[in-house]
Structure formats: structure tokens, C-alpha cells
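Below is one structure, written out as C-alpha cells; comments come after it.
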Amino acid sequence: MQILVINPIVYTAETRNIPKVTSIKDCMIYDLCLAFHKQGHNVTLYAAKPYKPVSQEEYPFEIIWDKCIFPKIFAPHRFPVLSNLKKYIKQHNFDLIITSELFSKNSLTAYRTAPKKTIVWHELAKHNNMCKKIPSKIWYNIIVPLFMRKAIVVARSYDAKAFAGKYCKNINDKIIDHGVNLDKFNLCLSKDNSFVVCSQLIERKRIDGILLNFKRYLEKYNNSASLYIIGEGELKQALIKQSHELNISDNVVFTGKMNHGDLKPLLSKASALLVNTAQDNNMISIVEAIAVATPILTTNIPLNSKYIIEHSLGIAKDSWNEDDLHKIYENNSFYVNNCVEYREKLSTEFKVQQFIEVLQNINL
């Protein structure tokens, strides 16, 4: 099949100053397109040019880097509007178009141009905070009912499905979460005396709370445990300072940002991935951890928390503490085995089959 995947925001950027990367091959959307390609489909990824890597890369499938129009108005890190998308769709005979988010001018363009071939892959479970939520509320209450009423929507979580269902009635029953390339993330059943954080070091991730809980865990249960904090961000130096002030710096390692090849050994061996976020949707780091059979200790904020609870892939609990760290360490084999049983459902190959099934049901 000829497949177009429209995903302008290839990786997360917190501000208009989109960080430059040397490769996108660690990104979720790249691995999804790669899975389509490996299954014999002719896939094209259509993305925003500001996210194009600075180094030359070769890809097994086509990637179109389109410029964003009026970037000062339509910020590329929040609401990118691609300039040539409509023309490109009209010039090609695609069998399937997968476009990210209902709240997107690009999704509107794709649906209006090829309505019977477009699936909107929707992640948001609440209104976008941009401009005090006013644009989002206008979009969902006016644009969606008037111009996207019959769009096929596939949600990435049950919360996203419930939210989208308030405004668009053609919501598919199938939930398709983010996938992971299992060729990159191999199983590891042997865990050591460590925990890991994979995160931007920014305010909403609340890494400071993780450090406090880890200090209490060291004092109460296990003073030889290690914590690896993988990532970069504006709070890095403040967090390093906090680890010294808490007298736990010998147990905490700040690795900086790592690619998948370097990250995987630490993630694979850890007893748990720690998440303390105050605001997130589906977190790809959670998916990657489950893929290597590393359990999750998280707040209930990430949308992934629903299936973590349902399948006992770890602990999802607001205001988790040192006792929960101890619980996940003491019962590690139980959670690890559950991750092993569940991981195949997170593979990008499984996600491809889910999308194909949705398309087949549409055409019945």
C-alpha cells in the first residue's frame, strides 16, 4: 500500500527554539514508519522542516521536510502549519493517510483532501493550553463539528478517546498507543540495584521530587542503590546541587542525554523507570522501558498509566514515595514477568497491523 504519515512535530520541543539533533532515528514516528516499510508498504513521512536533523542521514523510506507557514503565528513546536501538504496529497494516490491530532490544521487539510483514506491518530486528552485554551476550544467546538464531523479518529489512549468523543462522533473502538521497535529494545530479565529516570530536566517533570523520595529510600531501605538520571534541561545544575545538599550525590549519576544504544544498558538493568511528571500525554520512555521488561513507577498523569495498572506493569500512584520504591524492588520479578507478557502489544509491527485492520474495517 501507499501510505502517508503526517507527523510535523517529530520530537518534543518545549519552546519556539527547537533543539537541533543529528538524527531522528531514535524517534517514535521514525520507527513506526520503519515498521510499515518492513512489512512491504511504500511509506512516506511528512514532517516540519524545523525538525530536520543537521547531519545528512539516509532513510529506507521517503521523508518530506515541508516548511511551516507564518511560524510567528503558528508556532512550529505547538501548531505547525505545513505549506505544501494539500498539493502533495493531490499529486499522489495514497491508500492510507495517518495524521496526528484533531487539533491540527494539517489533519484538517488531509481529511478535506482525502476523507475516505484519512485516519486521525489522536493523543490529546484535554484542551491545549496555548493562549489560555481559547484556540483549542474554538477548534473542537466549531471546526471539528463543521469540517471534520465524519473523520475517522483512532485514539492513543482511553482518555484521549473519551475527550475526542465529545466533539467527533466517528471514534474507532481500537486504541493504538505509541509503539516501540523491539529490534532496538531487547528483553533483559536480570535487574540490578538501580533505578533510572529518562526525562527532560524541566519543571513539569518534577525530578526534584524523585530525588527526595530516593533519599528517603536510601535511608530507610537500601543505602547502596543507584539512580541514573538520563537527560538534559534547564534544571540540570539545580538538580545536581540538590543531590549534593541531600548527601546522595554518590548514589546519583547524571548521564546527560543519551541515544538508544547508550541508554539501553542502563534502562534494561534497572529495577524500575521512575516518572513523577505533573503534565504529560503518552510517554515513549514508558513504552521503551516495558519493552526491555523494566517495570514503571509513575504518577497517574501519563496516559500510559491506565494499562500499567490494568496489566500490573509497575505502580501508578499519585504522590508515590520511598515505600513504593521498596515495593517495586522487592516484587520486581512479578512486575518484570508482566512486562514480558505485555511487550509484544507495544511493538511497532503490532501497531501497523492495528492500523491496517482499521482501514480494512472502514472499507467494508
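The values are calculated or read from the model by the stated rules, or taken from the named source; none is laboratory data. Please read these numbers as outputs of a predicted model, since none were measured by experiment. In this analysis, Cβ positions are derived from the backbone assuming ideal geometry, glycine residues included, and neighbour counts consider all displayed protein chains. To get the accessible areas, we keep the full protein, side chains included, count just its heavy atoms, and leave off ligands, DNA and RNA. Shrake-Rupley method; radii C 1.70, N 1.55, O 1.52, S 1.80 Å.
For VAL180, work out the one condition from (1) over 20 Å from the mean Cα position of the chain (by Cα); (2) open to solvent by less than 20 Å² (accessible area, probe 1.4 Å); (3) hydrophobic (A, V, I, L, M, F, W, C); (4) under 30 Å from ASN361 (Cα atoms) it doesn't fulfil.
Every listed condition holds for VAL180 apart from (1).
Taking the stretch 111-127 as the region of interest, how many residues are small (Gly, Ala, Ser) and either under 17 Å from the mean Cα position of the chain (by Cα) or within 19 Å of GLN354 (Cβ to Cβ) (or both)?
Residues meeting the conditions: 1.
Return the total of residues in the stretch 183-198 being open to solvent by less than 30 Å² (accessible area, probe 1.4 Å) and touching a Lys or Arg at 6+ places or on another chain (Cβ under 8 Å).
The total comes to 3.
Closer than 23 Å to ILE202 by Cβ, touching a Ser or Thr at 6+ places or on another chain (Cβ under 6 Å) and open to solvent by 20 Å² or more (accessible area, probe 1.4 Å), is that true of THR22?
yes
Could we say that ASN106 is outside any loop (DSSP other than H, G, I, E, B) and among the polar types (S, T, N, Q) here?
yes
Kindly indicate which of LEU201, LEU212, LEU239, LEU218 is open to solvent by less than 30 Å² (accessible area, probe 1.4 Å) and under 17 Å from LEU325 (Cα atoms).
LEU218
Could you give me the residue pairs with C-beta distances under 7 Å whose first residue belongs to the stretch 280-291 and is over 13 Å from CYS27 (Cβ atoms), whose second residue is open to solvent by 20 Å² or more (accessible area, probe 1.4 Å) and not in a helix (DSSP H, G or I) wherever it lies, and which are 6+ apart or on separate chains?
Short answer, once both residue conditions are applied: ASP280/ILE301; ASN281/GLU123; ASN281/LEU124; ASN281/ALA125; ASN282/GLU123; ALA291/LEU182.
Which of the residues that make up the stretch 282-305 are within 19 Å of ALA125 (Cα to Cα) and open to solvent by less than 10 Å² (accessible area, probe 1.4 Å)?
Selection gives ILE286, VAL287, THR298, THR299, PRO302, ASN304, SER305.
Every residue in the stretch 109-134 that is part of a helix (DSSP H, G or I), touching a strand residue (DSSP E or B) at 6+ places or on another chain (Cβ under 7 Å) and among the hydrophobic types (A, V, I, L, M, F, W, C), please.
ALA110 - this is the single residue of the stretch 109-134 that is part of a helix (DSSP H, G or I), touching a strand residue (DSSP E or B) at 6+ places or on another chain (Cβ under 7 Å) and among the hydrophobic types (A, V, I, L, M, F, W, C).
Go through the stretch 140-170 and report how many residues are open to solvent by 30 Å² or more (accessible area, probe 1.4 Å) and over 30 Å from LEU263 (Cβ atoms).
Here the count works out to 14.
Please go through the stretch 26-50 and pick out each residue that is open to solvent by less than 70 Å² (accessible area, probe 1.4 Å) and in contact with a Lys or Arg (Cβ under 9 Å, 6 or more places away or on another chain).
Of everything in the stretch 26-50, those that are open to solvent by less than 70 Å² (accessible area, probe 1.4 Å) and in contact with a Lys or Arg (Cβ under 9 Å, 6 or more places away or on another chain) turn out to be ASP26, ASP31, LEU32, LEU34, ALA35, ALA48, PRO50.
Could you list, in sequence order, all residues of the stretch 128-139 that are under 23 Å from PRO302 (Cβ atoms), open to solvent by 30 Å² or more (accessible area, probe 1.4 Å) and without any contact (Cβ under 8 Å) to a residue 40 or more places away in the chain?
ASN129, LYS133
Could you tell me how many of the residues in the stretch 9-31 are aliphatic (A, V, I, L, M) and more than 12 Å from the chain's Cα centre (by Cα)?
4
How do the pairs read when you match residues in the stretch 259-275 that are more than 24 Å from THR299 (Cβ to Cβ) and modelled with pLDDT of 90 or more with residues anywhere that are hydrophobic (A, V, I, L, M, F, W, C) and not in a helix (DSSP H, G or I), using Cβ under 7 Å and keeping only pairs 6 or more apart or on different chains?
As it stands, the answer is LYS264/PHE185; LYS264/VAL292, since those pairs meet every condition given.
Looking at the stretch 323-352, I want the residues that are over 27 Å from ILE176 (Cα atoms) and have a partner that is assigned to a helix (DSSP H, G or I) with Cβ atoms under 6 Å, at least 6 apart or on another chain. Which pairs are those?
Final answer for the pair search is LEU325/TYR217.
Scan the stretch 255-295 for residues that are in a helix (DSSP H, G or I) and more than 16 Å from the chain's Cα centre (by Cα) and jot them down.
Correct list: GLY261, ASP262, LEU263, LYS264, PRO265, LEU266, LEU267, SER268, LYS269.
Within the group CYS188, CYS131, which residue is more than 21 Å from the chain's Cα centre (by Cα), within 30 Å of ASN332 (Cβ to Cβ) and at pLDDT below 95?
CYS188
Any idea which of (1) open to solvent by 10 Å² or more (accessible area, probe 1.4 Å); (2) over 24 Å from VAL10 (Cα atoms) is the one ILE175 doesn't satisfy?
It fails just one condition, (2).
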